[in-house]
Amino acid sequence: MTTHAPTPLRSPLDSPSPSPAPSPAPALDRVTPCGAAWLVSASAYPRSTLSTWEARPTAPAVLPCGTAFDVVNVPAVFGRRMLDALWAEGPGSGPVAGQRGRMLLFATPGTAQRLPALLEWDHRAEDVPPLLCHGTGDAVTVPALAPGPEKGPRWVVAPDVRHPWLPGPEVLFWACVRASRLSIFPPADQGANVYDVSRRR
């Protein structure tokens, strides 16, 4: 008969077993391979578009709207206030880019048609500045896959998955109204915000 030594009891004071190291968070300014695959899915020729882009990863690209995404183009300061509202009180955001004093919020296809109607119809949006909505038939300049030495469009929140969550017109309408009610001047000690993409829906 074989006997086994009893398993020693662990004291509550013993050091806990080490936990596995958490996965590093994706860089907000760099597109992952999955994110790149999603972006080029907007093109009629995604494979050749991706191949050409990967050959020059620090160059921006022009992609059509209306299939994989629409884009809502807002003034940079107002866009930052929209992002703050989305991440502090809402569901987070989809990919976001900055370009020439503007902010481009990627949204669900159809948003470009529906959002202006919501803003025009609801009196709560009377203080929302004019927005540019890019949908079917439009194209936008998309920042490079990786940051380069030249100035140009940049990612504020880069796409990092093959099927990113995108806000629809109702969510962006709420963010517009919320942002229009926020103070334009943040507290003097407020630093740059970091958006936790791990909690994005």
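The values are calculated or read from the model by the stated rules, or taken from the named source; none is laboratory data. All of these numbers come straight from a predicted model, not from anything done at the bench. Positions of Cβ are generated from backbone atoms using ideal geometry, with glycine treated the same way; all protein chains shown enter the neighbour counts. What goes into the accessible areas is simple: the full protein's heavy atoms, side chains included, and nothing from ligands, DNA or RNA. Shrake-Rupley method; radii C 1.70, N 1.55, O 1.52, S 1.80 Å.
Figures for the structure shown
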read-out	value
Residues located in the stretch 122-158, provided they are open to solvent by less than 10 Å² (accessible area, probe 1.4 Å), under 21 Å from L50 (Cβ atoms) and touching a helix residue (DSSP H, G or I) at 6+ places or on another chain (Cβ under 7 Å)	V142, V157, A158
Test for V161: is it open to solvent by less than 80 Å² (accessible area, probe 1.4 Å), modelled with pLDDT of 55 or more and over 12 Å from the mean Cα position of the chain (by Cα)	no
Unique match (being open to solvent by 70 Å² or more (accessible area, probe 1.4 Å), in a helix (DSSP H, G or I) and either touching an Asp or Glu at 6+ places or on another chain (Cβ under 9 Å) or at pLDDT 95 or above (or both)) among R47, R30	R47
Options P95, P116: the member that is free of Cβ contacts under 8 Å to residues at least 60 places away in the same chain and not aliphatic (A, V, I, L, M)	P116
Breaking point among (1) over 22 Å from P129 (Cα atoms); (2) out of contact with any strand residue (DSSP E or B) (no Cβ under 8 Å at 6 or more places or on another chain), for G90	(1)
Selected residue [modelled with pLDDT under 95, in contact with a Cys (Cβ under 8 Å, 6 or more places away or on another chain) and either within 24 Å of P46 (Cβ to Cβ) or of a type in the set (V, I, T) (or both)] from V140, V71, V128	V128
L104 being at pLDDT 95 or above, under 22 Å from R181 (Cβ atoms), within 20 Å of the chain's Cα centre (by Cα) and not aromatic (F, W, Y)	no
